[in-house]
Amino acid sequence: MKILIADDDPQIIRALRITLGAAGYDVITATTGIEALDQTTRQHPDVVMLDLGMPHLDGIQVIEGIRGWSQVPILVVSGRTGAADKVEALDAGADDYVTKPFAMDELRARIRALTRRIASVEDEPHVNFGDVRVDFSAKTVVRTSEGSTGRIRLTPTEWRLLELLTQSPGKLITRETILTQIWGPNHSKDNGYLRLYMAQLRKKLEPVPASPRYLVTVLGMGYRFVPAGTVE
């Protein structure tokens with residue numbers, strides 16, 4: 001099982017790497033918020049352990065960035081003990097919260113509890129909207145309507161954009177989140193990229209690309225996937 005430890009304290013990272021590695025976990029690390037997002041995107045860990053006081057992007061921003069596209073379990077491990085900090089982290093999408101200093105036995109128990117909970121709710125391997133079927137396991141998109149059945153070819157970037165949106169149905173995904181996850185933090189303001197690829201994706205998937213029903217724009221904010229289609 002792969003676990004990401006995101007903390008700017010090298011002593012904590014070293015101790016957790018040794019202890020969790022000895023317990024059989026495959027440990028990857030990050031020392032900044034941006035690195036935590038990048039590692040989550042590239043490595044797809046089974047659990048994310050996250051300190052709130054991260055440089056560049058704080059822990060809350062990291063949680064929100066991850067939750068824009070993934071339901072990976074997030075365990076906050078922080079020196080902040082106030083109730084308001086815990087509530088903010090849990091409201092942002094964290095699954096559990098442990099305060100520093102912590103007992104290693106308790107930490108391992110929290111990790112086991114999170115992985116058991118997630119394992120009991122498997123993600124859907126596919127999603128359907130209109131006459132389109134998206135298969136996440138095979139990474140394919142197929143049109144299923146009578147008379148036009150066939151695979152729809154997407155570029156790798158189009159696939160990543162579609163995957164981000166369809167794995168969080170009904171949820172607003174901000175432009176900054178999409179740009180950061182697909183093109184990296186240095187392109188978080190390059191909205192031209194996003195508009196171009198969204199237009200291409202709609203041309204391939206929407207019945208009327210100029211009036212999208214499933215890949216919907218939230219003006220001034222981002223995009224939302226609406227599986228049932230918008231009401232006409």
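Nothing in this text is a laboratory measurement; each read-out follows from the coordinates by a stated rule. In this text the structure is predicted, and so the values were computed from the model without any measurement. As a convention, Cβ positions derive from the backbone with ideal geometry for all residues, glycine included, and neighbour counts pool all protein chains shown.
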Legend entry - Of I18, I111, I173, the one that fluctuates the most in a GNM where the chain has Cα springs shorter than 10 Å: I18
Inset, instruction - Given a cut-off of 25 Å, name the pairs among K139/K189; K2/K139; K2/K189; K100/K189; K86/K189; K139/K203 whose C-alpha atoms lie farther apart than that in the structure shown. - result: K139/K189; K2/K189; K100/K189; K86/K189
Legend entry - the range 2-119, dipole about Cα centre (Lys/Arg Cβ +1, Asp/Glu Cβ -1), debye to the nearest 20: 440 debye
Inset, instruction - Would you give the gap between the C-alpha center of the range 3-65 and the C-alpha center of the range 83-107, rounded to a whole Å? - result: 14 Å
Inset, instruction - Please build a GNM for the chain, connecting alpha carbons under 10 Å apart, and tell me which residue among P45, P73, P125 fluctuates the most. - result: P125
Legend entry - Ellipticity estimate at 222 nm from DSSP helix runs (n ≥ 4, -39,500 (n - 2.57)) divided over the chain, nearest 500: -12500 deg cm²/dmol
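Report the gain in length on full extension from Q71 to D38: 0.36 nm times residue separation, minus Cα-Cα distance, nm rounded to one decimal. Spell out each step's value before the answer.
Details: separation 33, 0.36 × 33 = 11.88 nm, distance 1.56 nm.
10.3 nm is the gain from fully extending Q71 to D38.
Counting alpha carbon pairs within less than 8 Å and at least 6 residues apart, what relative contact order, in whole percent, applies to the chain? Write out the running numbers ahead of the final one.
Values: 360 pairs, mean separation 31.1, N = 232.
In percent, rounded to a whole number, it is 13.
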Inset, instruction - For the range 1-148, give the share of DSSP beta bridges that are antiparallel, in percent and rounded to the nearest 5; count only bridges with both residues there. - result: 35 percent
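How large is the charge dipole for the range 126-225, taken about the Cα centre, if only the Cβ atoms of Lys, Arg (+1) and Asp, Glu (-1) carry charge, to the nearest 20 debye?
Numbers: 15 positive and 8 negative charges, 20 e Å.
That gives the range 126-225 a dipole magnitude of about 100 debye.
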Legend entry - Stretchable slack from D190 to T115, in nm (0.36 nm times residue separation minus alpha-carbon distance): 23.4 nm
Inset, instruction - Report the FRET efficiency, 1/(1 + (r/R0)^6), for H56 and T19, where r is their Cβ-Cβ distance and R0 is 22 Å, rounded to 0.05. - result: 0.25
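Obtain the radius of gyration and the Kirkwood radius of the range 2-119 from its C-alpha atoms and give Rg over Rh.
Rounded to two decimals, Rg/Rh equals 0.91.
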